[in-house]
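Step one of this worksheet: look at the structure below.
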Amino acid sequence: MIIKFSAVVALLNLDNKNIVSTGISRPIVTGAVLGVLFNNLHYGIFIGCIVELIMINLMPIGAFIPPNGTLITGITLILSNNFHIEKAGSLIPVVLIFGLFWGHMVKRISRLLWLRNSRLVELFLKGVENDKITFFRYNISVLIMDFFIFFLLTFAGSYVGIFIIQNVVRIFFTSYYLQFAFDKAVFFFPLFVLIYLLNSFDLPNKSYFILLGILLAGLVSPISLSPLLSIVLIGLFSYIVIFSINYYKEHYYEL
Amino acid sequence: MSYSITLKDFLIVYFRSFLYQNLLNDKYFQNFGFLFSLYPIVEKFNRSKKAVKIFMVKNFEYFNTNPYLASFVFGVAIKLIEEENEDKLKKFKFDMMSPLAALGDAISWGILRSFLVLISVIFIFFEYYTGVLIFFIIYNLILNVFFRFFGLIIGYKNGLNVIFKIAGMDLQNKIAMIKKIGLIMWGATVFSLLQNQYKIIDFSFQNISINQLFSILILTFLAFFLYKLNKLVIPMVTYLIYLVIIILISI
């Protein structure tokens, strides 16, 4: 079972950098795909969402390598499936923390892959100088190597995780209060991880816009049919207003 | 015999650009992918094997930009190769890669992904799983279809003037607008979550207990404090601090 899902995670991870970058390797989509495979879409998407929001501000800019979100989601879901965690919510934070730890470990290994690629590209350049232009050979060998490396990393992560979490449960989870606390922690996850998104919308006077959003939601709530509809309508309304202000500034302000 | 660029050539470069970052490395960064994507065009216009070899060796240098907006450079490169004006390509690549990287990273990783995640998360938190599909489809339509494919054609049509075309798109203002809408929707989402999922905000203010109100006030205060702290410590540590606080409050 773990072999099969490690292979799926390694395959999805190829989208991260090697092929296309369609976003299928983003935790939110990986979570959904693995959720379907595990026959528990709700839980897969929940974990995907949490990991996506935790990692939202870690971007592959320049030479920076962010922690591997696909592996974090994959290992978290493989371990959850192994321990049937969806039935015991208190273990979710433990599994997530292990997933995050493993993602950071993999980040270090990715740096070694860059060094390997440097060597390969230099070999390719020597080939070009000797009239041998073999793009596909290098591309395919890197794809195969990366697939196996990430497969092994996921597989190893899952087994190390099983060992660690078994011991964590045995040592720490005997207390009823601790279990209760972790259950509560899961309940508040979505609210807390939303804070990570604020870094992305960085504006000098951002608290005014947040307060405006809260105010609009408060005003709409007594008459709204559903919370989702009211948020979408608030988004559309704010788009129209901001667009009109920009249009006015651009065309009439100087007059 | 004269050669001209056809739609088939664009499609070949487009599909080859899917492997653009496959051999990302410390020394040349994305240059392998750049040459791999353009190779069929180079082969088409530099008919002798020696000319192709000279082009490859000459262009084997550091190149690093945003993978989605790199298509604009591909388009211009195709134009320059077609015009047999390859000497300008080297300078153009160097001039364009940093501005395109800055703009592309701000659009793709910075704002577009965050905004789409916000929208899909809103859907998912209210138990509409189509949020994942919305994220996946819009992400690909904008980045992989618009920027990657049409960027290629815009780059080819405008040649070295592509920078004016990109400036004309007014992307900076659009980013600022998305940020404002995102913040407003973020505020509305938090309010709706507190009201509907957590049942904490009751509009009539009749069912709210002092304990609940007090915990939420502490949580909000700590959340903003940790958000400020987030810039100083690595996310995993912040995450652990969050957990400890939640555990302490829950007990």
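The values are calculated or read from the model by the stated rules, or taken from the named source; none is laboratory data. The shown structure was predicted, so the numbers you read here are calculated from the model rather than taken from an experiment. Every residue, glycine among them, receives a Cβ derived from its backbone with ideal geometry; neighbour counts consider all protein chains shown.
Points to keep in mind about this one:
- Selection of region A:1-39 for residues being away from chain B (no Cβ under 12 Å), among the small types (Gly, Ala, Ser) and within 16 Å of A:Thr76 (Cβ to Cβ) yields A:Ser6, A:Ala10.
- So B:Lys50, is it assigned to a loop (DSSP other than H, G, I, E, B), more than 22 Å from the chain's Cα centre (by Cα) and within 13 Å of another protein chain (Cβ to nearest Cβ): no
- Scanning region B:11-31 for residues that are more than 8 Å from every other protein chain (Cβ to nearest Cβ) and of a type outside the set (A, V, I, L, M, F, W, C) turns up B:Tyr14, B:Arg16, B:Ser17, B:Tyr20, B:Gln30.
- Only residues that are of a type in the set (Ser, Thr, Tyr) and either more than 26 Å from the chain's Cα centre (by Cα) or farther than 17 Å from B:Phe146 by Cα (or both) were counted in region B:1-19, giving 4.
- Checking A:Ser158 against (1) under 22 Å from the mean Cα position of the chain (by Cα); (2) in the same structural domain as A:Ile231 (by TED's automatic domain parsing), the condition it does not meet: (2)
- Within the option set B:Phe55, B:Phe72, B:Phe60, being touching a helix residue (DSSP H, G or I) at 6+ places or on another chain (Cβ under 7 Å) and modelled with pLDDT of 90 or more holds for one residue only, B:Phe72.
- Scanning region B:147-171 for residues that are free of Cβ contacts under 8 Å to residues at least 40 places away in the same chain, within 14 Å of chain A (Cβ to nearest Cβ) and assigned to a helix (DSSP H, G or I) yields one hit, B:Gly168.
- Unique residue being closer than 30 Å to A:Glu250 by Cβ and either in a loop (DSSP other than H, G, I, E, B) or at pLDDT 60 or above (or both) when the list is B:Ile218, B:Ile200, B:Ile178: B:Ile178
- Unique match (being more than 10 Å from every other protein chain (Cβ to nearest Cβ), surrounded by fewer than 20 Cβ atoms within 10 Å (Cβ to Cβ) and either in a loop (DSSP other than H, G, I, E, B) or at pLDDT 80 or above (or both)) among A:Phe243, A:Phe237, A:Phe163: A:Phe163
- Pairs with Cβ under 6 Å, 6+ apart, first in region A:55-81 and more than 8 Å from chain B (Cβ to nearest Cβ), second part of a loop (DSSP other than H, G, I, E, B): A:Pro66/A:Leu58; A:Pro66/A:Pro60; A:Gly69/A:Met55; A:Thr70/A:Asn16; A:Thr70/A:Ser25; A:Asn81/A:Phe38
- Odd one out for B:Gln30, checked against (1) more than 26 Å from B:Asn140 (Cβ to Cβ); (2) among the polar types (S, T, N, Q); (3) crowded, with 18+ Cβ neighbours inside 10 Å: (1)
- Checklist (1) assigned to a helix (DSSP H, G or I); (2) in the same structural domain as B:Phe74 (by TED's automatic domain parsing) applied to B:Gly187, failing item: (2)
- Within region B:115-134, tally of residues that are at the interface with chain A (Cβ under 7 Å from one of its Cβ atoms) and within 13 Å of the chain's Cα centre (by Cα): 1
- Filtering B:Phe34, B:Phe72, B:Phe60 for residues that are of a type outside the set (D, E, K, R) and facing chain A (nearest Cβ under 8 Å) leaves a single hit, B:Phe60.
- Which numbered condition A:His42 fails, given (1) more than 7 Å from chain B (Cβ to nearest Cβ); (2) assigned to a loop (DSSP other than H, G, I, E, B): (2)
- Test: residue in region A:139-153 that is within 8 Å of chain B (Cβ to nearest Cβ), more than 26 Å from the chain's Cα centre (by Cα) and surrounded by fewer than 16 Cβ atoms within 10 Å (Cβ to Cβ): no
- Residue within region A:68-84 that is outside any helix (DSSP H, G or I) and surrounded by 18 or more Cβ atoms within 10 Å (Cβ to Cβ) present: yes
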